Amino acid sequence: MRALPRFTASVFVLLLSFTSPAFAQYMFLDTNGDGANDASDRVNPIGPTTIDIWVDTSTNRDGSPATCDADETTRLTINQWEVVLRAVGGTLRWGPLDNVLGISSLRACFADAADTTDPVWYHNGWGGLAIIEPGRYLVGKLRVEVVTGNPGIMFVPNNPSQPTDITSFGTQCAGKDNDNTYKLGVDWTDADGIGGALAADAGGPYLGVPSTPIQFDGRATLAPGAGEVTYSWDFGDGTQGAGPTPTHAYAETGEYTVTLNVTDGETSNSTWTTAKIILQSAPVARAGGPYAGFIGISVFMDGRTSSDENGDPLTYTWRFGDTISAHGGYAFHTYYAEGLYTVTLTVSDGALSSSDETTARIASREQRPPVADAGGPYTGFTGVALTLNGSRSSDPDGDPLTYHWLFGDNTEGVSAMTHHSYAAAGEYEVILEVSDGTLTTSDVSSATISDPTGGPPVVRAGGPYRGVTGQIIEFDGRGTTDPDGDPLVFEWTFGDGRNGAGPTMGHSYRVVGEYPVALVVSDGTFSIRTETTASISTAAPRGRARAFVRGGQPELTLGALGSALLVQIEPVDGSFRLDDVDLAGLLLRCDGSVAASGIRAVAPAALVGDTDGNGVEEVTAAFRPEDLRRLLGHIRRPVVAALELEGVFWEGGTYKAGIKVSVIPSSGRFAPVVRPNPFNPEATVSYSTSKPGRVGALLFDLNGRLVKTLLREREMDAGSHNLVLDSRADNGEVLSSGIYFLRITGPDGPIVTRVSIAK
């Protein structure tokens, strides 16, 4: 597999009305413990309700066998699941969630960092490496409690404010997006939730210019009943509309509250969004740079941070200062003489344009470029992972290399050796770009892909395996079979940089941790890869340690992280000597990270004396920025993360210490966190911005009426910020209990979240 697949379970109050593909899986919720979904399943109006989340990957709703879309002979498997839920007709207090499916003893990152504060939306799940065969499974148990109304619960494909949170599950089947992930509404459609309710969805927010019609879209409205749904729109400027997709033009600039009311003849539901009308303005060109390079070596220039306030598509024209020009958001250009060149980027939205200048300083070649070797030419089969090997690439200066593959089918990959599956037969151009951090070169190869005949082997790697450091573990793939009786070739990778061959292999690990183990089996036509894990422990801890960072709790802004994290470790009460520490064995872990075994310190660590003046000598462990981004990249909102540092001694045994860091995710659009929520009389609103700019915060009631100004727009620096939200309106009156909408605008765009005031 190219990436760890994800399995998403969604909780639906109703059956989604998508067009069903031929092989739709059936997922449902159950509250009375009978393993079925029917009208008797309800959320208790008082007290907690335990909801069972079920999925059946063995049969479809109509009883036919559930198989992969691309290969009807291959059955569905699971190794991860994820749910996005929406409460309709009321609000809920969500969680906790218990995983029931035996895929891993470790939580997936999204399970650890799930946001349970939103009374309407919920996202969570569980992941692991173990492969679960097709069947009917109880995958999770979720506790909920009613806060307001009489809510039902529905599965939804994703939360519009967090589009990367999706209802899906990881499988060995490729899926329509060729990502080993079956997503609700894309790869499967059948899902039954609890109760029934009509849920309006107005789309948006919308952006336009005066006198130009905007098409509003309410087709995402969810209607469980059989009655015809009617749509009534209030565009916020004194005019109304009807139908699921009306158009409307605003006469003046401004920001308008757009309200949609839907009814099916029995029940009604309303929601709102915004329409921002601005004057037509020229795009803003950003040429990047200044750039530097060498004669005869391509310089990469990137103008993709250019923007257009009206949201129009842009075209790009580059002039490199040497009579050569090019088009596109980015460009590679080679200069053949020394000098300082003026580089101009012009962007156009079709009506207006703007330009930006930067420089490119070109010197004689002092640093030698890397040599890219894409390997190949390659041959393979549709739907079968093809191994592409660029490890013969090199750098004459000995610099470490990074790899970027372009597979020729609009997909990309990284790492020296990568695996890719093509969906269609044909001849593909394969490009490998390698960089030494300053210079980039490329090599071109080809991949000839044919439709296969016969069947692939069914690979079973055994496991998950367990052992201790220094102990030989027998890895057993003898359960693998081939339907055609072809001779098989077995290749193992053990996750610690070492490999093996053969159906069985003995291997030992030196350092504790959880290692990804992969087995690739080839029958001469197909090469099938499967994964398992090896959990390695050691003797009981025999040392107590303290870890800290000089200067106090550090703040890590992942998108701008440019230096290593330096951690000091010292023994507590003389429980061990620093001379006994294996400095190459230091690991930093985050519970639930995709880097399950942790990241290693940059070797060697060094003794630095007593930096905090407590009379105890310390050792310094340094962790690289790129490793920290991999360890903490799952975090989607500003949090204080509790990390664990574990080390080993030369003679066996371990020591552990905890450390806390403030993590700012790499994306600027972070949903605000309101704690507590519901609140009374006040709550703390935490949010973050990725760059400086004007920030404002407003509170609206369900009718879209402004009731409170938390923060009038003012300039703020990038980083984390807090506001105090109390239950009084701007006029001093106490706000009534119920649902409100908090809207924060800033340099990263507007974000809206729901808050509740308790009685």
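The values are calculated or read from the model by the stated rules, or taken from the named source; none is laboratory data. It should be emphasised that the depicted structure is a prediction, and the values quoted were computed from it without experimental measurement. Here the Cβ positions follow ideal geometry from the backbone for every residue, glycine too, while neighbour counts run over all protein chains shown. These area figures cover heavy atoms from the full protein model, side chains too; ligands, DNA and RNA do not enter into them. Shrake-Rupley method; radii C 1.70, N 1.55, O 1.52, S 1.80 Å.
Scanning the stretch 346-396 for residues that are open to solvent by less than 70 Å² (accessible area, probe 1.4 Å), touching a residue at least 60 places away in the same chain (Cβ under 8 Å), under 26 Å from T334 (Cα atoms) and assigned to a loop (DSSP other than H, G, I, E, B) turns up S364, Q367, P369, P370, A372, D373, A374, G375. Taking the criterion of being at pLDDT 80 or above, within 30 Å of A423 (Cα to Cα), in contact with a Cys (Cβ under 6 Å, 6 or more places away or on another chain) and in a loop (DSSP other than H, G, I, E, B), would at least one residue in the stretch 116-133 satisfy it? No. In contact with a Pro (Cβ under 9 Å, 6 or more places away or on another chain), at pLDDT 80 or above, buried (at least 16 other Cβ atoms within 10 Å of the Cβ) and over 30 Å from S688 (Cα atoms), is that true of E531? The answer is yes for E531.
Quick grid of which residues meet (1) of a type in the set (V, I, T); (2) at pLDDT below 75; (3) in contact with a helix residue (DSSP H, G or I) (Cβ under 6 Å, 6 or more places away or on another chain):
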position: D580; (1), (2), (3): no, no, no
position: G585; (1), (2), (3): no, yes, no
position: L588; (1), (2), (3): no, no, no
position: S593; (1), (2), (3): no, yes, yes
position: R600; (1), (2), (3): no, no, no
position: P604; (1), (2), (3): no, yes, no
position: T611; (1), (2), (3): yes, no, no
position: E617; (1), (2), (3): no, no, no
position: R624; (1), (2), (3): no, no, no
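Out of (1) closer than 24 Å to N499 by Cβ; (2) surrounded by 17 or more Cβ atoms within 10 Å (Cβ to Cβ); (3) modelled with pLDDT under 80, what's the single condition that is false for G524? (2) is the only condition that G524 fails.
Applying the condition of being in a loop (DSSP other than H, G, I, E, B) and open to solvent by less than 40 Å² (accessible area, probe 1.4 Å) to the stretch 250-281 and asking which residue is nearest to P313 (Cα to Cα) yields S281.
The condition of being buried (at least 19 other Cβ atoms within 10 Å of the Cβ), in contact with a Pro (Cβ under 9 Å, 6 or more places away or on another chain), modelled with pLDDT of 75 or more and at negative phi holds for only one of G152, G175, that being G152. Remark: P503 matches the filter, which requires a residue to be more than 30 Å from the chain's Cα centre (by Cα) and either under 30 Å from V572 (Cα atoms) or open to solvent by 40 Å² or more (accessible area, probe 1.4 Å) (or both). For the stretch 723-740, filtering for residues that are surrounded by 12 or more Cβ atoms within 10 Å (Cβ to Cβ), in contact (Cβ under 8 Å) with a residue 24 or more places away in the chain and not charged (D, E, K, R) leaves 8. Restricting attention to the stretch 282-320, which residues are part of a loop (DSSP other than H, G, I, E, B), within 18 Å of T344 (Cβ to Cβ) and open to solvent by 60 Å² or more (accessible area, probe 1.4 Å)? The answer is R286, P290, R304, T305. Look at the stretch 468-489: where a residue is assigned to a loop (DSSP other than H, G, I, E, B) and at pLDDT below 85 and a partner is of a type in the set (K, R) and open to solvent by 80 Å² or more (accessible area, probe 1.4 Å), sitting 6+ places away or on another chain with Cβ atoms under 9 Å, you get T469/R510; G470/R510. For the stretch 447-464, the candidate set comprises residues that are open to solvent by 30 Å² or more (accessible area, probe 1.4 Å) and in a strand (DSSP E or B); within that set, the residue that is nearest to I536 (Cα to Cα) is V458. For the condition of a type in the set (G, A, S), in contact with a Leu (Cβ under 9 Å, 6 or more places away or on another chain) and either within 30 Å of I739 (Cα to Cα) or modelled with pLDDT under 85 (or both), A275 qualifies.
A search for C-beta distances below 8 Å between a residue of the stretch 272-299 that is among the charged types (D, E, K, R) and any residue that is crowded, with 17+ Cβ neighbours inside 10 Å and modelled with pLDDT of 80 or more, counting only pairs 6+ apart in sequence or on different chains, returns K276/Y206; K276/G208; K276/Y256; R286/G303; R286/S306; R286/L345; R286/D356.
Taken as a whole, the structure leaves S575 outside the set of residues that are crowded, with 20+ Cβ neighbours inside 10 Å and either in contact with a Gly (Cβ under 9 Å, 6 or more places away or on another chain) or modelled with pLDDT of 80 or more (or both). For the stretch 322-345, the tally of residues that are of a type in the set (G, A, S) and not in a strand (DSSP E or B) stands at 3. Just one of the numbered conditions (1) farther than 23 Å from V88 by Cα; (2) touching a residue at least 12 places away in the same chain (Cβ under 8 Å) is not true of T239: (2).
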